[in-house]
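The values are calculated or read from the model by the stated rules, or taken from the named source; none is laboratory data. What you see is a predicted model; the values in this text were computed from it and never measured. In this analysis, Cβ positions are derived from the backbone assuming ideal geometry, glycine residues included, and neighbour counts consider all displayed protein chains. Note: accessible area is taken over every heavy atom of the protein model, side chains too, but ligands, DNA and RNA are not part of it. Shrake-Rupley method; radii C 1.70, N 1.55, O 1.52, S 1.80 Å.
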Amino acid sequence: MLSLIVRGRARAQVPVAMRRALRRQLERAMAAAEVAHTQVCLSLSDDDELHELNRQYAGEDHATDVLSFSQREARGADSAPIPAGFPEPLGDIIISVEYATRQAAAHGHDLLAELLHLSVHGLCHLLGYDHATPDEERVMFGYEATLRAHARSGRRAHAHEAAAPEAASE
């Protein structure tokens, strides 16, 4: 279950048709990752908001392209169970559309492709992946590529087609 929120200067930068396409693609990536039943909130915002969030939560005093906030990590063992019929809250992904626009131009592709790239990157972080070491990076970026391929394919993946890779060995 995906919620898409567009705020700040991003409203003028992301046409409704692009929002719909991004939503469809990220929903396919979530299905391929077998988390279509969870709740993810994707927010498209601007450099100012990402700068503030990056400063507040990561101690970095600059804008960034994407931040993710896991609800799985936030829920402790003593948390109340999720009521029956309600989706598990997986987390939030927040993207600076201004930053994404610059990156799209630098990489020679369109804004939708960059927004999908960043959305899937954030989704992988929500799933517990990281890229702090070369082995983690190889695993995470490979899985991202698989999820993006399914997202763009126009069809829902079968579970075995996008199985999550094993964590990098230490």
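Structure data summary
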read-out: Within the chain, helix-based [θ] at 222 nm, where runs of 4 or more DSSP H residues each add -39,500 (n - 2.57), nearest 500; value: -15000 deg cm²/dmol
read-out: FRET efficiency estimate (nearest 0.05) - Cβ-Cβ, residue 149 to residue 52, R0 30 angstrom; value: 0.35
read-out: Under 10 Å, Cβ to Cβ, from residue 129 - net charge with Lys/Arg +1 and Asp/Glu -1; value: -4
read-out: Accessible area, probe 1.4 Å, largest first, for residues 57, 99, 129, 143; value: 57, 99, 129, 143
read-out: Accessible area in the full protein assembly, largest first, 1.4 Å probe, for 1, 30, 18; value: 1, 18, 30
read-out: Debye log10 I(q)/I(0) at q = 0.11, 0.20 Å⁻¹ for the range 1-73, Cα point scatterers; value: -0.33, -0.96
read-out: Listed residues 51, 107 arranged by accessible area, highest first, probe 1.4 Å; value: 107, 51
read-out: Percent carbon-and-sulfur accessible area, the chain, ignoring ligands, DNA and RNA, probe 1.4 Å; value: 52 percent
read-out: Calculated on alpha-carbon atoms, Rg and Dmax of the range 59-115 in Å; value: 16.5, 47
read-out: Hypothetical label at residue 105: residues of the range 1-35 whose amide nitrogen lies under 19 Å (7 Å Cα-Cβ projection); value: 9-15
read-out: Phi-based couplings in Hz for the range 17-29 (Karplus 6.51, -1.76, 1.60; Gly and Pro marked x); value: 4, 5, 4, 5, 5, 4, 4, 4, 5, 5, 4, 5, 5
read-out: Volume in Å³ per residue [convex hull over Cα atoms, computed for the chain]; value: 141 Å³
read-out: Charge tally in the Cβ shell below 12 Å around residue 112, where Lys, Arg are +1 and Asp, Glu are -1, residue 112 excluded; value: +4
read-out: Net +/- balance of residues flanking residue 141 in space, Cβ distance below 12 Å, scoring K and R +1, D and E -1; value: -3
read-out: Estimated inter-spin distance, residue 137 and residue 7, nm [label 7 Å along Cα→Cβ]; value: 3.3 nm
read-out: Accessible area (Å², per residue) of the chain, counting only protein heavy atoms and a probe of 1.4 Å; value: 53 Å²
